[in-house]
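Everything below concerns the one structure shown next.
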Amino acid sequence: MSQPPSQRGGTTKGLDMRLNKSRTGVLMSGAAFLASFLIAGAGAANASTTTEPAEASYSCWQAIDTGESLCVDKGTDLVAAVAEEKGVELVVPDGTSVGGFTTNSARASAATSPNSTQSTVISIIYDNVDYGGGSYVMSVGSGWGWGFATLSPLGWHDRASSFHSYNGCQTALFENENYLGSQIGYAADKSSFGLMNDKGDSWMVH
């Protein structure tokens, strides 16, 4: 039996309302999804701009006059790696502790090539007191009065707690960048910085 026009109109109107609600729900869901996507994207972008730098490798070396450098993970002989990978023989007294290894000139010479150059180690800073843990080795081919005005790019901001000096040099660590603030040194050796442990942000050798 056919329905009266008013009822047919009511049914159609009700169907239209349900379809409109359905479309509205889909649009709202889509808008919510888009908003959540944009928020997530913004969060990811913010995260990428505030991510801390990766932790520094266990031990590193830099020839401060040439800029050549190399970092190695724990368990790798830094002096031998510099000889093999960079063709640079680091001149440092036998028995020096570098990243958990004790230097040995015979072992280092075996890793060098006939075309190797030499670079003299003048200072080493260490993670821990008593010359332990990771280390950063500074060497030069010639000259004097070398330093790093900031240790942050090296991954050594507020990290060092002892140092050795070599080749007649003396070392100082400063609390702030640009050789400012409290300092430890100048001295040939410091097995501990005391209250300055893990507080240095610039490093000078002369």
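The values are calculated or read from the model by the stated rules, or taken from the named source; none is laboratory data. This is a predicted model, so every value here is computed, not measured. FYI the Cβ positions are ideal-geometry reconstructions off the backbone, even for glycines, and counts take in every protein chain you see.
With the structure loaded, tell me whether residue 192 is over 22 Å from residue 89 (Cα atoms), in contact with a helix residue (DSSP H, G or I) (Cβ under 7 Å, 6 or more places away or on another chain), touching a residue at least 60 places away in the same chain (Cβ under 8 Å) and in the same structural domain as residue 84 (by TED's automatic domain parsing) or whether it fails that test.
yes
Identify, by number, the condition in (1) small (Gly, Ala, Ser); (2) at positive phi; (3) buried (at least 20 other Cβ atoms within 10 Å of the Cβ) that residue 139 doesn't meet.
The one condition residue 139 does not meet is (2).
Conditions: (1) in contact with a helix residue (DSSP H, G or I) (Cβ under 8 Å, 6 or more places away or on another chain); (2) at pLDDT 95 or above. Residue 126 meets all but one. Number of the miss?
(1)
Pairs only if they're at least six apart or on different chains, beta carbon under 7 angstrom, first in segment 74-88 and charged (D, E, K, R), second in a helix (DSSP H, G or I); list them, first residue then second.
These pairs meet every condition: 84/111.
Given segment 59-166, what strands (runs of 3 or more DSSP E) lie entirely inside it while holding 2 or more residues that are over 22 Å from the mean Cα position of the chain (by Cα)? Before the answer, list the steps.
Numbers: elements: 59-63, 69-72, 88-91, 117-126, 135-140, 146-148, 162-165.
Once the strands (runs of 3 or more DSSP E) in segment 59-166 are filtered for at least 2 residues that are over 22 Å from the mean Cα position of the chain (by Cα), what remains is 88-91, 117-126, 162-165.
Given the residues 133, 99, 95, 147, which is the only one that is crowded, with 19+ Cβ neighbours inside 10 Å, at pLDDT 90 or above and of a type in the set (Gly, Ala, Ser)?
133
Criterion first (touching a residue at least 24 places away in the same chain (Cβ under 8 Å), assigned by TED's automatic domain parsing to the domain that holds residue 64 and under 28 Å from residue 199 (Cα atoms)) does residue 91 satisfy it?
Taking the combined requirement at face value, the residue does not satisfy it.
Across segment 150-192, what is the number of residues that are among the polar types (S, T, N, Q), more than 10 Å from residue 123 (Cβ to Cβ) and in contact with a strand residue (DSSP E or B) (Cβ under 9 Å, 6 or more places away or on another chain)? Walk me through how you get there before you give the answer.
To start, the set of residues in segment 150-192 that are among the polar types (S, T, N, Q) comprises 150, 152, 161-162, 165, 167, 170-171, 176, 178, 182-183, 191-192.
Right, trim to more than 10 Å from residue 123 (Cβ to Cβ) and you get 150, 152, 161-162, 176, 178, 182-183, 191-192.
Right, trim to in contact with a strand residue (DSSP E or B) (Cβ under 9 Å, 6 or more places away or on another chain) and you get 150, 161-162, 176, 178, 182-183, 191-192.
Residues in segment 150-192 being among the polar types (S, T, N, Q), more than 10 Å from residue 123 (Cβ to Cβ) and in contact with a strand residue (DSSP E or B) (Cβ under 9 Å, 6 or more places away or on another chain): 9 in total.
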